[in-house]
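Accompanying notes for the structure given below.
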Amino acid sequence: MEKETDILGKKDILSLSPDQLAAEISAFGEKKFRASQIFEWLHVKRARSFDEMTSISKPLREKLDGAYIINELRIARKLESSADNTIKYLYELYDGNHIESVLMDYRHGNSLCISTQVGCRMGCRFCASTIAGFKRDLLPSEMLGQIYAAERDSERTVESLVLMGIGEPLDNFDNVIAFLKLLSCPEGKNLSLRHVSLSTCGLADRIDELAKYNFGLTLSISLHSPDNESRSEIMPVNKRYDIDRLLRSCRDYFKKTGRRISFEYAVISGVNDSRQSADALIARLKGMNCHINLIPVNSIKERDYRTDRGAVLKFRDMLEKGGLNVTVRRTLGADIDAACGQLRREYEI
Ligand code: SAH
């Protein structure tokens, strides 16, 4: 994080990397190992106040308390699915804004879907997260905080992470990069970025930037249509970066990182589920090292998009015959509005 962030007049200590924290603590005239101890208290022992840091002297704890804030998220509401062990958390941020995360129980472990912004400015027609517009970017501490609060509350360990909640991760680029570094640092949560998926609506120049970091994460592209006309209609971002431009970045991403791209395709009746769409998609993706994830479109009350279940399987078969690698996403948490595209920042308690 280049810019310093003040929260209620104090510095955001959970957003600092080990090196940044070390520099700050030595400016207090303290030895370097103190910074490592404090980092461990914050990110491993998950202290929620400086008072809990009993291996640190009282005067230093008081100094820290005067200068820094431990930016914790408050669980404002928790909804548990009766069907599949999914939990949706609504968090309140320090400034009164709200975001959501979804904890899912997969055979291979617990996966958390986190938000990266308060609201979203991308305007995808089928998505609830964008309807109330954009409020602000989330800080690294607020992305980490979603994991820490969910782990504490559920007593489950998050083993994989998807950046697919509210917001467009690549529209909050610097904070997302700082967050990924913190998440994977050995002194902290130490989660391998191979267990992280980042989903984007297609900010192509940022995909090019991300490729340079070679993080090993899975890049998911919300494609949803193989032709520019219909894609621009449901995803305004396509007017900025059309499909050719986007796929060029995807091919480069694979070349630079060796990671296979995952394309998300919400199957919408009468919009993108025809034989013509399937053929166009095959023509676009043929020969590319990628995987297509078909998502039945989840309903949101403001729009009338639907999925014909039979059409999803037919569409899958057409793609498979065309030589593409396809799966149909299992929908979790639909009974608590926790499925893809159903998260929002405005709600009624
Ligand atoms: N901004 C990012 C991540 C958030 S959305 C992105 O666009 O990828 C996570 C995924 O859910 C995206 O693939 C998105 O297109 C999809 N999605 C949004 N609304 C949906 C809906 N109503 N039904 C199914 N999937 C939806």
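The values are calculated or read from the model by the stated rules, or taken from the named source; none is laboratory data. Nothing here was measured: the structure is a model prediction, and the numbers come from that model. A quick note on method: Cβ atoms are made from the backbone with ideal geometry, for glycine too, and the neighbour counts reach across all protein chains shown.
Brief remarks follow.
- Applying the criterion of being small (Gly, Ala, Ser) and within 16 Å of the ligand (Cβ to nearest atom) to the residues of region 209-231, the residue that is surrounded by the most Cβ atoms within 10 Å (Cβ to Cβ) is 222.
- Condition broken by residue 182, with the remaining ones in (1) under 21 Å from residue 301 (Cα atoms); (2) among the aliphatic types (A, V, I, L, M); (3) out of contact with any strand residue (DSSP E or B) (no Cβ under 7 Å at 6 or more places or on another chain) satisfied: (1)
- Near pairs, Cβ below 8 angstrom, 6+ apart or cross-chain, from region 285-304 (of a type in the set (Lys, Arg)) to any residue that is modelled with pLDDT of 95 or more and in a loop (DSSP other than H, G, I, E, B): 286/322; 286/323; 286/324
- Test for residue 206: is it modelled with pLDDT of 95 or more, away from the ligand (no atom under 16 Å from the Cβ) and more than 22 Å from residue 16 (Cα to Cα): no
- Scanning region 80-102 for residues that are part of a loop (DSSP other than H, G, I, E, B) and either within 18 Å of residue 138 (Cα to Cα) or of a type outside the set (Ser, Thr, Tyr) (or both) yields 83, 84, 85, 93, 94, 95, 96, 97.
- Taking the listed residues 165, 188, the one that is farther than 16 Å from residue 210 by Cα, part of a loop (DSSP other than H, G, I, E, B) and within 16 Å of the ligand (Cβ to nearest atom) is 165, with no other qualifying.
- Residue match in region 57-66 (condition: in contact (Cβ under 8 Å) with a residue 40 or more places away in the chain and touching a helix residue (DSSP H, G or I) at 6+ places or on another chain (Cβ under 8 Å)): yes
- Flag if residue 173 is in the same structural domain as residue 245 (by TED's automatic domain parsing) and either over 24 Å from residue 104 (Cα atoms) or more than 16 Å from the ligand (Cβ to nearest atom) (or both): yes
- Residue check for residue 249: under 17 Å from residue 168 (Cβ atoms), in the same structural domain as residue 170 (by TED's automatic domain parsing) and part of a helix (DSSP H, G or I): yes
- Restricted to region 11-35, and to residues there that are without any contact (Cβ under 8 Å) to a residue 40 or more places away in the chain and among the polar types (S, T, N, Q), the residue that is nearest to residue 61 (Cα to Cα) is 26.
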